[in-house]
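Enquirer: Got a structure here, written out as structure tokens. Questions coming.
The values are calculated or read from the model by the stated rules, or taken from the named source; none is laboratory data. No experiment lies behind these values; they were computed from the predicted model shown. All Cβ positions, even for glycine, are placed from backbone atoms using ideal geometry, and neighbour counts span all protein chains on display. Note: areas computed on protein heavy atoms with side chains; ligands, DNA, RNA excluded. Shrake-Rupley method; radii C 1.70, N 1.55, O 1.52, S 1.80 Å.
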Amino acid sequence: MRILSAIFVIIGAIVGAGFASGQEIYTFFFVYGKWGIFGIIIATFLIGAATFKTLKIIKKYNVKSYDEFLDIIIGDINLKNINIKLILNFIINLFLLISFFVMCAGFSAYFKQEFGINEFFTRNIFEYIFLCFFK
């Protein structure tokens, strides 16, 4: 039962955090017929393989933090005095920040649609909460 719980958490995090509903999955895969079904099988396999490999590394090296994980998979690779780990960490953090702002915009649109609250007001509230977190 514990393995099913872990699987459902991973699927919920990937699909739910990716804002994929049944309509998006249909749009991205099933409109292409047999090739779309083949595509969803490949995507499922790739996500599963990446998740399995990540969890295997975490268990093998007893990783406790994201920084430790990057040290293991990247190491101290430097190309002409360019720290690859630093660049990768910047790209990942930038992606997470952009994703957060997209979610804020989505929340704001929802509040405008359901409650008639101006999205400028709600978006600023979410972004203010974000900025307060880092102070």
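Enquirer: Sum up the lysine pairs in the chain that clear both bars: alpha-carbon distance under 26 Å and a spacing of 8 or more or different chains.
Expert: 9
Enquirer: Can you send over the carbon and sulfur percentage of the accessible area for the range 26-110, probe radius 1.4 Å, protein chains only?
Expert: On the range 26-110, the fraction of accessible area on carbon and sulfur atoms equals 74 percent.
Enquirer: Using each residue's phi in the range 120-127, evaluate 6.51 cos²θ - 1.76 cosθ + 1.60 at θ = phi - 60° and report the 3J(HN,Hα) Karplus result to the nearest Hz, with x for Gly and Pro.
Expert: Calculated HN-Hα couplings, in order: 4, 5, 5, 4, 5, 4, 5, 5 Hz.
Enquirer: To continue, here is another question. May I ask you to derive the FRET efficiency for Gln113 and Asn93 from their Cβ-Cβ distance with R0 = 35 Å, giving the value to the nearest 0.05?
Expert: My answer for the efficiency is 0.70.
Enquirer: What is the gain in length, in nm to one decimal, between Ile42 and Asp67 on full extension, counting 0.36 nm per residue of separation less the C-alpha to C-alpha distance?
Expert: Gain in length upon complete extension: 6.0 nm.
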